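This report concerns only the one structure given below.
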Amino acid sequence: MLNIGEKAPEFSLPDSDGNIVTLSQFKGKTVILYFYPKDDTPGCTKEACSFRDNYDRFLEKGAVVIGISKDKPASHAKFRAKYQLPFYLLSDESTDILQAYGAWDKKSLYGKSFFGIIRSTYVIGPDGRIVKFYPKVKPEGHAEEILSLLS
């Protein structure tokens, strides 16, 4: 986990079309950076569609929405097309950025331990510093929660 006021770690990751996207290209804008476990799964779809449904409101507030998971760019492309997602989905197959943001950690399911993505969100200010951190996010209502922060 990163601290409020700390400089957000730079990233350079491929999007759903294979284009490289960096955090620094959004300098001067608020960045909603959300980490999610897997494309086209129930919780991740709810969360993504909530960001989609509120996307114009984020744009009105000068914010950019970026989702990151371990999925390959081709998986992101299918997910974006299926649900008409207008924002960036970036691929971190190496988990380097997931780890830098504390979104890659030990999880357990049915008594088995494994490493996976912790659903979490950072709001990064126009100056590149962390404004807010949402750990262990619940998909329902999350986009609206962030919008209320930006008001």
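Laboratory data are not the source of any read-out in this text; all were calculated from the coordinates shown. Bear in mind that the values here come from a model prediction, so they are computed numbers and not experimental data. Cβ: placed from backbone, ideal geometry, glycine included. Neighbour counts: every protein chain shown.
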**Complete:** Straight-line reach check, Lys29, cutoff 19 Å on alpha carbons, 8 or more apart in-chain or any other chain, hits among lysines -> Lys7, Lys61, Lys132
**Prompt:** Can you list residues whose amide H is under 5 Å from Val64's amide H, if they're 5+ apart or on another chain and H is modeled 1.01 Å from N?
**Reply:** Thr30, Val31, Ile32
**Asked** Plugging the Kirkwood radius over Cα pairs into Stokes-Einstein for the stretch 12-150, at a temperature of 10 °C and a viscosity of 1.306 mPa s, what D comes out in µm²/s?
**Response** 105
**Prompt:** So for the chain: antiparallel DSSP bridges make up what percent, rounded to the nearest 5?
**Reply:** 65
**Request:** Hand me the chymotrypsin sites (Phe, Trp or Tyr not before Pro) from the stretch 80-151 located in a DSSP loop with no more than 16 other Cβ atoms within 10 Å, in residue order please.
**Result:** Tyr110
**Message:** Under a crude label model (7 Å from the Cα following the beta-carbon direction), how far is Thr41 from Leu59 in nanometres?
**Reply:** 3.0
**Prompt:** Per residue of the chain, what 222 nm ellipticity follows from adding -39500 (n - 2.57) for every DSSP H run with n ≥ 4, rounded to the nearest 500?
**Reply:** -8000 deg cm²/dmol
**R0 of 22 Å, Cβ-Cβ distance Lys107-Glu140: FRET efficiency to nearest 0.05** = 0.60
